[in-house]
1. What's the exposure ranking of A:His102, B:His87, A:His108, going from fewest to most Cβ atoms within 10 Å?
2. May I ask which residue of chain A has the beta-carbon nearest to the axis carrying chain A onto chain B, and at what distance in whole Å?
3. Assume the label is 7 Å from Cα along Cα to beta carbon: what separations in nm does A:Arg52 have to the matching positions in the other copies?
4. Could you work out how far apart the two model spin labels at A:Asp23 and B:Ala48 are, taking each label as a point 7 Å from the Cα in the direction of the beta carbon, and quote it in nm?
5. What are the distances, in nm and sorted shortest first, from the label point of B:Arg67 to the label points of the same position in each other copy, with each label point placed 7 Å from Cα along the Cα-to-Cβ direction?
6. Take region B:28-80, compute every pairwise Cα distance, and split them into 10 Å bins from 0; I just need the percent in each bin.
7. Under Stokes-Einstein, with the Kirkwood radius over Cα pairs standing in for Rh, what whole-number D in µm²/s applies to region B:1-127 at 4 °C and 1.567 mPa s?
8. Using a 7 Å offset from Cα along the direction of the beta-carbon, what are the separations from A:Thr8 to the same position in each other copy, nm, ascending?
2 protein chains.
Amino acid sequence: MPATPPATSIEATDEQLAQVRYDADGLVPAIVQDHASGQVLMLAWMTAETLRLTLAEGRTVFWSRSRREVWRKGDTSGDVQYVRSAHYDCDGDVLLFVVDQHGGGACHTGEPSCFFRAFGSGSGGPAGRPATDPVAGVGRAP
Amino acid sequence: MPATPPATSIEATDEQLAQVRYDADGLVPAIVQDHASGQVLMLAWMTAETLRLTLAEGRTVFWSRSRREVWRKGDTSGDVQYVRSAHYDCDGDVLLFVVDQHGGGACHTGEPSCFFRAFGSGSGGPAGRPATDPVAGVGRAP
């Protein structure tokens, strides 16, 4: 278990923040990727306010669409995601956070990644490790 | 330049396809990740029909929300994405495709990844390479 890194805030400029485009509900999709493994862990949604909180607190804070409330990832589960870098795409309508995942994993099922199921009859398993990684393709699908 | 891989179809089961949940507009977000580098390349949207086409043709086919038409990634640009594996998340409302990216890159700007811009004053650069990769964090931000 690595030592808990300090949560480090990211000081985005007003110009950078102005690039972000929110949908009609005021939301933007946020992809979360594990820094160590490269695995895509999950996708959740942010408002302008939870993006601000994420950058300020150095950990992911989402908007729960089902509960309609601010969702500090890991407050209940312990699965806190410390942000290593934060990116916005060419159109400004998708965010990407590269994180140190703490706790049991990103997924509420206990899996490291929410994408543990694959279409087809292949080995499935968590995606996201590069081809050169010998662990690539290790099956975790139920 | 690696040899062009054959496009390989993925035979999803009806049970797997029934897990996918579409939003009120009949769309589901689809994350695309590079198989070789682990980089997150882009996010686009699929309908049930373009998901079916993607699995059948073994290359990503999206729904262009701006043009309101089927968008076979790479037909114009040459930046075809051959699917290595296709995943759906725990809630069934996000897809992940691990691909072999051909052509100049995934982004219409010519960048390998659409997430070439980072918040803050850090090195920025394309995210997604694992920490053990010496190329991690190489800056490409403009």
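1. Numbers: A:His102 20, B:His87 25, A:His108 14.
Ordered from fewest to most neighbouring Cβ atoms within 10 Å, A:His102, B:His87, A:His108 come out as A:His108, A:His102, B:His87.
2. Axis-proximal residue of A, distance in whole Å: A:Gly38, 2.
3. 4.5
4. 1.8
5. Those separations, rounded to one decimal, come out as 4.1 nm.
6. Binned Cα distances yield the sequence 25, 58, 17, 0.
7. Working: Rh = 15.1 Å.
It comes out at roughly 86 µm²/s.
8. Label point to label point, same position, other copies: 3.9 nm.
Read-outs: derived from the displayed coordinates by stated rules, not from any lab. Note that the structure is a prediction, hence the values are computed from the model and not measured. Methodologically, a virtual Cβ is constructed for each residue, glycine included, from the backbone with ideal geometry; neighbour enumeration extends over all protein chains shown.
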